[in-house]
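Worksheet: one structure, shown below.
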Amino acid sequence: MPLKCALACPDWTYRSLEYQAVLRHIAGWAGFYGRRYLRRLRPLADRRCIRRRQVVLEEILKTYERAGRPSLRFLPDLRAIVRTVRLEGACLAPEELWTAVAFFDQVDVLVRAFRPYRSDMPHVARWLDGLPTMAEFRSRVRSVLTPSGEVLETATPELQRISRSWRQLREQIEQRLKAFIGKPDYASAIQEPILTQRDHRWVLLVKADQQHRIPGIVLGMSGSGASVYLEPLEIVELNNRYVLLEEERRAEVQRVLRQLTDDLRAVSDWPRLFRRLARLDALLAMAAYAHAYEAAVPRVEDADRLVLDRARHPLLAIQARTRRQTVVPLDLEMDERAKVLIITGPNAGGKTVALKTVGLVVLMAQAGLPVPAGPGTRLPCFSHVMADIGDQQDLTQNLSTFASHVRRLIPMLTTPVRRGLFLIDELGTGTDPAEGAALGTAVLKHLRNQPGKVLVVTHLTSIKLMALQEADVITASMEFAPETLAPTFRLIPHAFGASHALDIARRYGLPEAILEAAYRALDPSHLQWMELVRRLEATQHAVEEQRAALERERQEQAQRYQALLRELEQSRAALTQEWQAWKQRVQRWWEERQQEWLAFFHEVQDPAVRQALRERFQAVRRQFLQEEADVLRPPPTLAAGRPADWSPGMAVRLRNASTTGTLEAVDSERAVAVVRVQDKRLQVPLAWLEPTPGGSPPPVVPTPEDVNRLATASPADREVYLLGLHVPDALDRLDQALDRAYRRGLQRLRVIHGYRPGRLKQAVLEHLRHHPMVERVEPAPPQEGGPGATIVFLRQ
């Protein structure tokens, strides 16, 4: 990480805010590599660097659930094995090879888990592409080694040959020794009738005082001295051959293990692999933390605005989850004008927790971690974070409480910052109240001139009054419930909170006589101030209760409204279905009448009669089409817009196509309208139109790409094939083709419907004659299909 990107934050600030405790908790979801990465993770001060971390985390969060919540938590530590692999000629033990297999197994599982979602995570996908899965190595280890670490005899042909000879020779030696034990002459000299080995040579266990009775070589003595390990002379030669075969077998096993070790040397850059896996391991741990605590990735901006949306202190959230409790969230806002926020309120009301929550959320966000807060959280990009929280007195260094506060205030006052976050708990305490208040006021006036934000917790009235004197100083108070004399841990903005020290002391059981004496000792002006603050708190509490009641009522009304909408939609759907069925019956009746007329027309031979019938039919058809808008118009409860709603300039859409345009004129008496679609004007029945949400469509200016696309329109855009389709399906496809051709600005479209004068051809021709986009239709010339096709000329 470049030094210029690092956030300037003293170690005592990290300790005060308990940042490391949060990292340790998140690291609990990580494996060895991720834990080491997370424990060293530090916040950044460059917004672009922070955003790069956040982008990768957002990609992981987007796919974490769908990928099955993958994890590298049990990824083994391979560093010692890698040190051995780097040694020339070194050979790994079988258990080390199995550890390497387990390592790459988990890498392979991770790669396969995210493979289906590569398009959703381009940055992570590039990391995954660089991860070796060592599939051949893992397969070879499994084919050569047993789970217990033994090399299989089938590992190589040579090892198989040696093992077969070794096994045969062993059986031969065992037979000789068993026969030797069974001889009556040697039975009394044998200590135990068992076969054993000494220095890889087969021997008998013979009584020490009887060894002279068996010719052989003594290779050792038992621990008690009562027995000796004796190699009979009859098997010395066999033992020699056995030892040589064992040496050959061990050498071949070593050669197999060395080959497997050499396979691991194919990984050229182990440090880079470990770094990449550490980052992925940490990201998966962050995703697990985010899902467990409903954490989000906040926006870190250049704007000087600090907004916390339902933020929870990370450590309190952990504790509450363990105890199955809930944490009161913190809502806080400091806009660009606010430089200082003074937090007041009762003792043990959560002021310090609020201060720590702000600090931790900022540190976590700038470290690229998910924070336990809502998506509305917005944070400035701070260059420095400094906190003076808690009592840091140290007797070994002669530091009193006041001295420790001063020692931490000095860097805040003297360090030049680009944008700092200064968190001060109990400003002005630890010394004389008057002097402490004066010092606190001076500190705040100085920090107001520093770029950034200052958050202060105090009980001192003179410091609180700064909010009434300075426009860039605001206050907030931790809520105190007067009816229970207990804090609610909610932060109320723009409120002056009292400390309620005497009320809380009464709640904890302090004697009433002492409390009365304390009240009498208070300055009258302070009592007036306390009474004023109490009234303000009571009023604000009542307002908050009223607001909560109104919000509950609003939610109930919204639920009732949604229920009514669902009932209305169900009724509308039923009516629409009934009307559609009636409309289909009318259209089907008209289609049947047309087919009957066409059949009758073809039977008439007299030209004069045919002409009269044609004219009569044309007149009937015109009359039907004129009345169709009224006959097939949906009821007012179903229509998308009433005739009175039509107004020039509104955006409309043709019901039988996806084409949209602008309404130019309306003739209510004739129930027709003029619609402009791009540079074309159409006259269509109002029943064919429906309003389009979103207002008038913007004018479409053809681009060079549009002109080029028009010039290179594909044959699929210039013709439509309807053979083999049922009439409804054919008409749907025809409408889509007309709409596509019209949008591309084509002048003509070839419709292929077949030679047979059947129902399909007649329905298609009839549909085209009344389509709003069609100027005219003509039979196709012989070179374009003749009677089997029709040329449609579109309106320009």
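Do you know which residues across the stretch 36-51 are open to solvent by 90 Å² or more (accessible area, probe 1.4 Å) and without any contact (Cβ under 8 Å) to a residue 60 or more places away in the chain?
ARG39, ARG40, ARG48, listed by residue number.
Need pairs with beta-carbon distance below 6 Å; first residue assigned by the TED database to the domain that holds HIS767 and surrounded by 12 or more Cβ atoms within 10 Å (Cβ to Cβ) and within the stretch 564-593, second part of a helix (DSSP H, G or I) and of a type outside the set (S, T, N, Q); sequence gap 6+ or separate chains.
none
Among the listed residues GLU171, GLU248, identify the single one that is part of a helix (DSSP H, G or I), open to solvent by 60 Å² or more (accessible area, probe 1.4 Å), charged (D, E, K, R) and touching an Asp or Glu at 6+ places or on another chain (Cβ under 9 Å).
GLU248
Considering only the stretch 623-646, I want to know if a residue exists there that is at pLDDT 70 or above and open to solvent by 90 Å² or more (accessible area, probe 1.4 Å). Let's see the steps before the verdict.
Taking the stretch 623-646 and keeping what is at pLDDT 70 or above, we get 646.
Narrowing the set further to residues that are open to solvent by 90 Å² or more (accessible area, probe 1.4 Å) leaves none.
No, that holds for no residue.
Only one of CYS49, CYS5, CYS9 is closer than 19 Å to ARG299 by Cα and either modelled with pLDDT of 95 or more or over 22 Å from the mean Cα position of the chain (by Cα) (or both); which?
That would be CYS5, the only listed residue that is closer than 19 Å to ARG299 by Cα and either modelled with pLDDT of 95 or more or over 22 Å from the mean Cα position of the chain (by Cα) (or both).
For ARG419, are the conditions met, namely being open to solvent by less than 50 Å² (accessible area, probe 1.4 Å) and touching a strand residue (DSSP E or B) at 6+ places or on another chain (Cβ under 8 Å)?
Judged against the criteria, ARG419 is a match.
Every residue, every condition in (1) in a helix (DSSP H, G or I); (2) out of contact with any helix residue (DSSP H, G or I) (no Cβ under 9 Å at 6 or more places or on another chain); (3) under 18 Å from TRP270 (Cα atoms); (4) open to solvent by 50 Å² or more (accessible area, probe 1.4 Å), yes or no:
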{"position": "PRO70", "(1), (2), (3), (4)": "no, no, no, no"}
{"position": "GLU96", "(1), (2), (3), (4)": "yes, no, yes, yes"}
{"position": "VAL101", "(1), (2), (3), (4)": "yes, no, yes, no"}
{"position": "PHE114", "(1), (2), (3), (4)": "yes, no, no, no"}
{"position": "ALA125", "(1), (2), (3), (4)": "yes, no, no, no"}
{"position": "THR133", "(1), (2), (3), (4)": "no, no, yes, no"}
{"position": "PHE137", "(1), (2), (3), (4)": "yes, no, yes, no"}
{"position": "ARG142", "(1), (2), (3), (4)": "yes, no, no, yes"}
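Among TYR242, TYR229, TYR293, which is the only one that is open to solvent by 20 Å² or more (accessible area, probe 1.4 Å) and aromatic (Phe, Trp, Tyr)?
Of the residues listed, the single one that is open to solvent by 20 Å² or more (accessible area, probe 1.4 Å) and aromatic (Phe, Trp, Tyr) is TYR229.
For residues in the stretch 83-94 being open to solvent by less than 40 Å² (accessible area, probe 1.4 Å) and assigned to a helix (DSSP H, G or I), which is farthest from LEU131 (Cα to Cα)?
Here the residue is PRO94.
Of everything in the stretch 755-796, what is over 27 Å from LEU686 (Cβ atoms), surrounded by 17 or more Cβ atoms within 10 Å (Cβ to Cβ) and not aliphatic (A, V, I, L, M)? Give them in sequence order.
If the condition is that a residue be over 27 Å from LEU686 (Cβ atoms), surrounded by 17 or more Cβ atoms within 10 Å (Cβ to Cβ) and not aliphatic (A, V, I, L, M), then LYS761, GLY785, THR790 are the ones that fit.
For residues in the stretch 698-754 being part of a loop (DSSP other than H, G, I, E, B) and open to solvent by less than 30 Å² (accessible area, probe 1.4 Å), which is modelled with the lowest pLDDT?
ALA713
Against the condition open to solvent by 10 Å² or more (accessible area, probe 1.4 Å), in contact with a strand residue (DSSP E or B) (Cβ under 6 Å, 6 or more places away or on another chain) and either closer than 30 Å to ALA365 by Cβ or assigned by the TED database to the domain that holds PRO329 (or both), how does ALA311 come out, does it pass?
no
Criterion first (in contact with a helix residue (DSSP H, G or I) (Cβ under 7 Å, 6 or more places away or on another chain), closer than 21 Å to PRO43 by Cα and not in a helix (DSSP H, G or I)) does VAL454 satisfy it?
Values: in contact with a helix residue (DSSP H, G or I) (Cβ under 7 Å, 6 or more places away or on another chain): yes; closer than 21 Å to PRO43 by Cα: yes; not in a helix (DSSP H, G or I): yes.
Against the criterion (in contact with a helix residue (DSSP H, G or I) (Cβ under 7 Å, 6 or more places away or on another chain), closer than 21 Å to PRO43 by Cα and not in a helix (DSSP H, G or I)), VAL454 qualifies.
The values are calculated or read from the model by the stated rules, or taken from the named source; none is laboratory data. The structure presented is a predicted model; accordingly, all values stated were derived computationally and were not measured. Note: ideal-geometry Cβ built from the backbone for every residue, glycine included; neighbour counts use all protein chains shown. Surface accessibility is based on the protein's heavy atoms, side chains included, excluding ligands, DNA and RNA. Shrake-Rupley method; radii C 1.70, N 1.55, O 1.52, S 1.80 Å.
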